[in-house]
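Note sheet for the following structure.
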Amino acid sequence: MNDQAFAVRRADWATEQPLLKAVRTTVFVQEQHVPAEIEWDAMDPQCLHALAVDGAGQPIGTARLLPDGHIGRVAVLGPWRGCGVGLALMHWMLDAAREAGHSHVALNSQQSAAGFYERLGFRVDGDAFWEAGIPHVPMSQELNAD
């Protein structure tokens, strides 16, 4: 367990792409063997990106919000898993979705992570499917105005 401090903030794709890509490359392309041509799509420039950084400002996690309210590319580096980084990223994303005026958010969870999203209020709302060789389930949540 890593007990160091971290923070989650908005990241600008145009200027901070290397930081965002560092996390996603490690988690998705290297660890999970997602083909790079699937990981890097044309949506990134249109998305709102969150970046989790450690106390030294190094990237440790990321997530993105698509214009249609889909959350995706939630990734946390191995040493930081189980330390609340994913939870903090998702709370940041849910707040950002509310601020953007979304009343509903959706995501495609890896089946193994569905319980994590259920604890955040998401519900499975469709059949399991395979993406990049990994089983996923569609999930969604209605947002309150808070």
Problem - Members of the range 32-50 that are open to solvent by less than 40 Å² (accessible area, probe 1.4 Å) and either part of a helix (DSSP H, G or I) or farther than 21 Å from Ala96 by Cβ (or both) - result: Val34, Glu39, Asp44
Problem - Subset of the range 11-31 [over 22 Å from Ala96 (Cα atoms) and touching a helix residue (DSSP H, G or I) at 6+ places or on another chain (Cβ under 9 Å)] - result: Thr25, Thr26, Val27, Phe28, Val29, Glu31
Practice task
Pairs only if they're at least six apart or on different chains, beta carbon under 8 angstrom, first in the range 116-127 and over 18 Å from Met93 (Cβ atoms), second among the small types (Gly, Ala, Ser) and in a loop (DSSP other than H, G, I, E, B); list them, first residue then second.
Solution key: none
Practice task
State whether the residues of the range 85-92 include one that is open to solvent by 40 Å² or more (accessible area, probe 1.4 Å), under 19 Å from Leu19 (Cβ atoms) and either within 12 Å of the chain's Cα centre (by Cα) or modelled with pLDDT of 95 or more (or both).
Solution key: yes
Exercise for the section: Please indicate, with yes or no, whether at least one residue in the range 95-102 is in contact with a His (Cβ under 7 Å, 6 or more places away or on another chain), open to solvent by 30 Å² or more (accessible area, probe 1.4 Å) and assigned to a helix (DSSP H, G or I). Expected result: no
Practice task
Of the numbered conditions (1) open to solvent by 30 Å² or more (accessible area, probe 1.4 Å); (2) under 22 Å from Arg81 (Cβ atoms), Ala14 fails exactly one; give the number of that condition.
Solution key: (2)
Exercise for the section: Please verify whether the range 19-26 includes one or more residues that are among the polar types (S, T, N, Q) and surrounded by fewer than 13 Cβ atoms within 10 Å (Cβ to Cβ). Expected result: no
Completion exercise
Note on the range 1-31: residues in a loop (DSSP other than H, G, I, E, B) and free of Cβ contacts under 8 Å to residues at least 40 places away in the same chain are Asp12
Exercise for the section: Answer yes if at least one residue in the range 27-46 is of a type outside the set (A, V, I, L, M) and in contact with a Pro (Cβ under 9 Å, 6 or more places away or on another chain), and no otherwise. Expected result: yes
Exercise for the section: Working carefully through the options Val74, Val105, find the one that is open to solvent by 30 Å² or more (accessible area, probe 1.4 Å), touching a helix residue (DSSP H, G or I) at 6+ places or on another chain (Cβ under 9 Å) and either in a strand (DSSP E or B) or closer than 24 Å to Lys21 by Cβ (or both). Expected result: Val74
Completion exercise
Taking the range 40-54 and keeping residues at pLDDT 95 or above and of a type in the set (Asp, Glu) leaves Asp44, Asp54
Practice task
Please work out if Glu99 is under 23 Å from Phe129 (Cα atoms) and free of Cβ contacts under 8 Å to residues at least 12 places away in the same chain.
Solution key: no
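The values are calculated or read from the model by the stated rules, or taken from the named source; none is laboratory data. This is a predicted model, so every value here is computed, not measured. Ideal geometry is used to build each Cβ from the backbone, glycine not excepted, and the neighbour counts take in all protein chains shown. Each accessible area value is taken on the protein alone, full model and side chains, heavy atoms only, with ligands, DNA and RNA left out. Shrake-Rupley method; radii C 1.70, N 1.55, O 1.52, S 1.80 Å.
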